[in-house]
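Everything below concerns the one structure shown next.
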Amino acid sequence: MFGRTSRPEPDAIEVLIGPRATFSGRLQCDASIRIDGAVDQGHIETPANVILTETAIVNCDIVARVVSIRGKFKGLIQADRVELLEGSQVGGVLNVNSFYMDDNVLMRAAVNIRADTMADMKPPPPPAHPTIPVVAGDERPKAPPPASRE
């Protein structure tokens, strides 16, 4: 009667922290989360989406598929995609695969964009004849000859 027979759609918002609510702690669920209020500290984790509206003030870590921010956020985000929407204020570290930022966003954060294919890429070998002098040990590069004024 009260049991759930199937999992919710990943985009269905089942968890809402209202504009007059304050939350501290660990929040974990299978559905999308919308935050209108405050999160003082803690950890939020979902395989779906997290939406921070313009009234949200969030100071925690978030692990999600997509994180859309229109309010204030400070902390660590690990997500497939982060969207910083107009009016958002963001600080901390964003570890993402995809990143979007509107105009009028205040961001003081490190953004680490990673791609699964980047792990297999190797850096190119150095050029055979470098144009920059290579200094080994205590050697100093020779100064170029003075230009003649002829």
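The values are calculated or read from the model by the stated rules, or taken from the named source; none is laboratory data. Here the structure is a predicted model, which means the values were calculated and not measured. Here the Cβ is made from the backbone with ideal geometry for all residues, glycine too, and neighbour counts use every protein chain on show.
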Any chance L84 is surrounded by 18 or more Cβ atoms within 10 Å (Cβ to Cβ) and out of contact with any Gly (no Cβ under 7 Å at 6 or more places or on another chain): yes
Segment 34-45, residues that are buried (at least 22 other Cβ atoms within 10 Å of the Cβ) and either of a type in the set (D, E) or free of Cβ contacts under 8 Å to residues at least 24 places away in the same chain (or both): V39, I44
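So that you can scan it fast, the table gives a plain yes or no per residue for (1) of a type outside the set (F, W, Y); (2) at pLDDT below 95; (3) over 25 Å from R114 (Cα atoms):
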residue: I33; (1), (2), (3): yes, no, no
residue: G37; (1), (2), (3): yes, no, yes
residue: N49; (1), (2), (3): yes, no, no
residue: E54; (1), (2), (3): yes, no, yes
residue: V63; (1), (2), (3): yes, no, no
residue: L76; (1), (2), (3): yes, no, no
residue: L84; (1), (2), (3): yes, no, no
residue: Q89; (1), (2), (3): yes, no, no
residue: F99; (1), (2), (3): no, yes, no
Flag for R65 being touching an Asp or Glu at 6+ places or on another chain (Cβ under 7 Å), under 17 Å from S32 (Cα atoms) and touching a residue at least 40 places away in the same chain (Cβ under 8 Å): yes
Cβ pairs under 9 Å, 6+ apart, first in segment 12-26 and basic (K, R), second in a strand (DSSP E or B): R26/G42; R26/H43; R26/I44; R26/E45
